[in-house]
1. Counting only residues that are closer than 14 Å to residue 173 by Cβ and more than 14 Å from the ligand (Cβ to nearest atom), which one in segment 138-159 is surrounded by the fewest Cβ atoms within 10 Å (Cβ to Cβ)?
2. Taking segment 285-299 only, how many residues are near the ligand (Cβ under 6 Å from one of its atoms) and farther than 15 Å from residue 151 by Cα?
3. So, in segment 300-341, how many residues would count as being closer than 15 Å to residue 284 by Cβ, free of Cβ contacts under 8 Å to residues at least 24 places away in the same chain and away from the ligand (no atom under 12 Å from the Cβ)?
4. Scan segment 275-284 and give yes if some residue there is closer than 15 Å to residue 221 by Cβ and within 7 Å of the ligand (Cβ to nearest atom), otherwise no.
5. I need a count of the residues in segment 220-238 that are in contact with a strand residue (DSSP E or B) (Cβ under 6 Å, 6 or more places away or on another chain), more than 8 Å from the ligand (Cβ to nearest atom) and modelled with pLDDT of 95 or more.
6. Looking at segment 175-290, what strands (runs of 3 or more DSSP E) fall wholly within it and have at least 2 residues that are buried (at least 23 other Cβ atoms within 10 Å of the Cβ)?
7. Counting just the residues of segment 91-101 that are in contact with a strand residue (DSSP E or B) (Cβ under 9 Å, 6 or more places away or on another chain) and farther than 14 Å from residue 195 by Cβ, which one comes out surrounded by the fewest Cβ atoms within 10 Å (Cβ to Cβ)?
Ligand code: FAD
């Protein structure tokens, strides 16, 4: 499709409100959408505007209570069989239509596979920009614009980006950089049902099969316990110790980039600046030195437990608990103890 390039700055006064795109998979709202509702609430309050959510799917009206409980004032609800699974075309057409009709000032989306697919396309269609993969949000005091923060130049600087001329101000935000808000199920709001404008021929792809790339053990973003291994695991076979400890604790397996680059574990498991951002209750760093790029992905963990044979390893500076010792001795001892519980 041809996309008309819109170079003329828009009348910004016509655009009002903060929107959060609600990502749901098979009727389950992803955590990142709740995290963004919590952060969207703060932005909306600071701007003196309302917080709205966009909920698209098949038979998803039952999820509206959950969305209101996380702080939305209003929900734009678009339902239809064509939304049974996420499709680039169907969701792009729908989001674009909603934006052109209701004109929000700000749109937040998760920096997930779907959000990364949908966000840039929609931004292009409505003639605005998009700040991708943000790790923080705020309001720029001088201009009142949303200040989007993201790593730039290979992570060497944190750039703060403003969108002065175009609307909406759009961005994708990494999961787990914000805490999920406390929910209030007495909070409710307005539901605006919008008819779908998607025609069957608009959707150019067909979902043939869903193949799970991995089991729960690599669902890092949702995990409450993560056991990560680094170069200090010494060889790939030793990663079975990481997996065993994660299994005993019901947690997920993570890794440093050194372990991924060595081919010991798939890139899906990498934590850090160029991997996943995680925020579990407990994070085990086993044989990981604590490079800044690794910390960028796990420093919002509630409790960090580091195991390293070098007492001066940087990871100990930010760990809540440190064990100075050989991972090949310490991890089996921990597995044996946890098995007794
Ligand atoms: P090392 O730094 O080599 O540390 C190994 C540690 O294991 C050492 O502290 C050592 O004392 C300890 N050790 C060794 N043997 C044992 C043993 N038997 N028992 C106990 N401890 C032992 N890294 C990431 O992790 N994630 C990223 O997303 C990421 N993105 C990057 C992006 C850029 C642009 C760049 C430049 C780098 C990035 N890196 C990333 C790489 C990062 O800089 C580090 O090189 C990497 O994190 C190091 O991994 P490590 O801690 O496993 O290895």
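The values are calculated or read from the model by the stated rules, or taken from the named source; none is laboratory data. Computed from a predicted model, the values in this text were never measured in an experiment. Please note: Cβ atoms are built from the backbone with ideal geometry, for glycine as well, and neighbour counts cover all protein chains shown.
1. Ranking the candidates gives 138 first.
2. Step one: list which residues in segment 285-299 are near the ligand (Cβ under 6 Å from one of its atoms), which gives 287-289, 291, 293-294, 297.
Checking the rest, the ones that are also farther than 15 Å from residue 151 by Cα come to 287-289, 291.
Looking only at that region, the number is 4.
3. 8
4. Looking through segment 275-284, at least one residue is closer than 15 Å to residue 221 by Cβ and within 7 Å of the ligand (Cβ to nearest atom).
5. Number satisfying all stated conditions: 4.
6. On the way: elements: 190-193, 225-229, 252-255, 282-286.
By residue number, 225-229, 252-255, 282-286.
7. 99
Residues are listed down the side, and each one gets a yes or a no for (1) assigned to a loop (DSSP other than H, G, I, E, B); (2) closer than 18 Å to residue 191 by Cβ; (3) modelled with pLDDT of 95 or more:
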| residue | (1), (2), (3) |
| --- | --- |
| 3 | yes, no, no |
| 6 | yes, no, no |
| 10 | yes, no, no |
| 13 | no, no, no |
| 43 | no, no, yes |
| 54 | no, yes, yes |
| 72 | yes, yes, yes |
| 76 | no, yes, yes |
